[in-house]
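**Q** Pasting a structure below so you can have a look.
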Amino acid sequence: MKRVFSGVQPTGNLHLGNYLGALKQFVELQEDHECIYCIVDMHAITVPQDPKVLKTHILDVASLYLAVGVDPKKSIVFVQSDVPGHAELSWVLTCCSYTGELSRMTQFKSKSHNKESAPTGLFSYPVLMAADILLYDTDVVPVGTDQKQHIELCRDLATRVNNTRKKTFVVPEGRYLKEGARIMALDDPTQKMSKSAENIHSRISLLDDPAKIKKSIMKATTDSEGVIRFDQENKPGISNLMNIYSVLSGKSIAELEKEYDGRGYGDFKKDLVEVTVEALAPIKERFDEIRYSDDLIRILKDGAARANVIAEKTMARVKENFGLGL
Ligand code: TYM
């Protein structure tokens, strides 16, 4: 069985982009893959965090994993800092990476605002991400396309080590969905939907109530043509809404174009509100059941123990191949 690994940062409530780009894949893949899903708290501290808030967010994201359908009987779910191998392997990979390739990462450039001096953690963020993936001999990494450059770096690092030393790592493949891979902000469809944008109506969070969902969708930026047609380049607003509608309802883009032929954006948006509210209601319900249950901590501890068994095996191989330790 192929092995899958992915992670999400515990920075606030997750949004539809996280769900449609990544989490939805997590649930589908666990049926016929060996899946390992992580809450990457060490990535979160590359920017300042309030310790109490971070702890809350870790449990929120873990609960959201379970609420969308990640099943701890089928998948390993754990918190990154509970498995020491991530930090260990990250250092080894740091010694195999170059400042040139890391400074080309677009996420680093945008998060460091192109300043001359930036936090080292932000700079080496993709190396830690590569360590997450390579630690588990991962074959497949389900993510949104915003992570593509990081996945390519991970593949480069794995190949470099394999070519210059003994074969040490499995070289993983990124897995991107066709429609959910890049969900755009509702207020500005040229920007990706993000957790950190100031305008709360730029995103739909998985725990938003129906009134908020309605307001955000009805306010979403479209265009003046008023025709429901998919055209990412010239009609990014309505195309983004069509993507969301398509993935949430299971209807193809062509079916949506046909169904809404001759109808206006108002009609379309009203229906999208309904589809979204319906899709998110069971997630919110399950979240409320899980978030404060004793099961949650038990699942995460058990997940860390299982992940650690795999991680220790990889680290023993890495140490051997690099000549580290006794
Ligand atoms: P993060 O926490 O920013 O996002 C989690 C996942 O959601 C996807 N995503 C999106 N997909 C579609 N449209 C969007 N607007 C959108 N916004 C976010 C992301 O692509 C991601 O799959 N570096 C990663 C976390 C990470 C990781 C890993 C992922 C750390 N280690 C190892 C995979 C494997 C990140 O910051 O994701």
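**Q** Output ³J(HN,Hα) for the stretch 288-293: one whole-Hz value per residue in order, computed from phi by the Karplus curve 6.51 cos²θ - 1.76 cosθ + 1.60 with θ = phi - 60°, and x for Gly and Pro.
**A** Working through the residues one at a time gives 5, 5, 8, 3, 10, 8 Hz.
**Q** Apply the Kirkwood formula to the chain: the hydrodynamic radius equals the inverse of the mean of 1/r over all pairs of different alpha-carbon atoms; give it in Å with one decimal.
**A** Numbers: mean 1/r = 0.0481 Å⁻¹.
Its Kirkwood hydrodynamic radius stands at 20.8 Å.
**Q** Expressed as a rounded percentage, what relative contact order does the stretch 200-287 have, with Cα pairs under 8 Å and six or more residues apart?
**A** Working: 81 pairs, mean separation 30.0, N = 88.
Result for the stretch 200-287 is 34 percent.
**Q** Here is a further query. About the Cα centre of the stretch 1-95, how large is the charge dipole given +1 on each Lys and Arg Cβ and -1 on each Asp and Glu Cβ? Please answer in debye to the nearest 20.
**A** 40 debye
**Q** Over the alpha carbons of the stretch 200-287, what is the largest minus smallest coordinate on each principal axis, giving the biggest first in Å?
**A** Taking max minus min along each principal axis of the Cα atoms, the stretch 200-287 gives 38, 25, 21 Å.
**Q** Then there's this: Taking the inverse of the average 1/r across all pairs of different Cα atoms in the stretch 28-173, what Kirkwood radius in Å do you get?
**A** Working: mean 1/r = 0.0612 Å⁻¹.
Hydrodynamic radius (Kirkwood, Cα only) of the stretch 28-173 equals 16.3 Å.
**Q** Same structure again: Would you work out the charge dipole size for the stretch 263-326 about its Cα centre, treating the Cβ of every Lys and Arg as +1 and the Cβ of every Asp and Glu as -1, and quote it to the nearest 20 debye?
**A** Values: 12 positive and 12 negative charges, 76 e Å.
Dipole of the stretch 263-326, to the nearest 20 debye: 360 debye.
**Q** For the stretch 200-287, with only Lys/Arg (+1) and Asp/Glu (-1) charged at the beta-carbon, what is the dipole magnitude about the Cα centre, in debye rounded to 20?
**A** Details: 14 positive and 15 negative charges, 75 e Å.
It works out to roughly 360 debye.
**Q** Using a 1.4 Å probe on the protein heavy atoms, what percent of the accessible area of the stretch 193-326 belongs to carbon and sulfur?
**A** On the way: 3760 of 7360 Å².
Taking all protein chains in place, the stretch 193-326 shows 51 percent carbon and sulfur surface.
**Q** Shifting gears a bit: Do you know the Lys pair count in the stretch 55-151 for C-alpha distances under 29 Å, with sequence separation 8 or more or different chains?
**A** For the stretch 55-151, qualifying lysine pairs total 9.
**Q** So what is the calculated 222 nm ellipticity per residue for the chain, using -39500 (n - 2.57) for each DSSP H run with n of 4 or more, over all residues, to the nearest 500 deg cm²/dmol?
**A** Values: 13 runs with 168 residues, N = 326.
Helix contribution divided over all residues of the chain: -16500 deg cm²/dmol.
**Q** Can you give the local net charge around Ile151? Use residues other than it whose beta-carbon is closer than 13 angstrom to its beta-carbon, Lys and Arg +1, Asp and Glu -1. The partial results should precede the final answer.
**A** Values: positive: Lys148, Arg155, Arg175; negative: Asp132, Asp139, Asp146, Glu152, Asp156, Glu173.
Once positives and negatives cancel, what remains is -3.
**Q** Shifting gears a bit: Computed over the Cα atoms of the stretch 242-326, what is the ratio Rg over Rh, Rh following Kirkwood? Display every interim value, and only then the final one.
**A** Working: Rg = 23.7 Å, Rh = 17.6 Å.
My calculation of the ratio gives 1.35.
**Q** Quick one: net charge of Ile228's neighbours, Cβ under 14 Å, K/R +1, D/E -1?
**A** Around Ile228, the surrounding residues sum to -2.
**Q** Among 130-136, 159-165, 171-177, how do they line up by average Cβ neighbours within 10 Å per residue, starting with the highest?
**A** Values: 130-136: 26.6, 159-165: 13.4, 171-177: 18.4.
Descending mean neighbour count gives 130-136, 171-177, 159-165.
**Q** Only residues of the stretch 298-322 count here: report those whose backbone N is under 20 Å from the spot 7 Å along Cα→Cβ of Asp137, or say none.
**A** Of the residues in the stretch 298-322, 303-322 have backbone N under 20 Å from the label point off Asp137.
**Q** Near Asn199, within a Cβ-to-Cβ distance under 14 Å, what is the net charge of the other residues, with Lys and Arg +1 and Asp and Glu -1? Don't skip to the end; give the middle numbers.
**A** Values: positive: Lys192, Lys195, Arg203, Lys212, Lys215, Lys219; negative: Asp187, Asp188, Glu198, Asp208.
Neighbourhood net charge equals +2.
**Q** By how many nm would the segment from Trp91 to Lys115 lengthen if fully extended, with 0.36 nm per residue of separation less the alpha-carbon distance?
**A** On the way: separation 24, 0.36 × 24 = 8.64 nm, distance 2.45 nm.
Gain on extension, Trp91 to Lys115, equals 6.2 nm.
The values are calculated or read from the model by the stated rules, or taken from the named source; none is laboratory data. Computed from a predicted model, the values in this text were never measured in an experiment. Note that each Cβ is placed from the backbone with ideal geometry, even for glycine, and that neighbours are counted across all protein chains shown. For the accessible areas, the whole protein counts, side chains as well, though only heavy atoms, and no ligand, DNA or RNA atoms are used. Shrake-Rupley method; radii C 1.70, N 1.55, O 1.52, S 1.80 Å.
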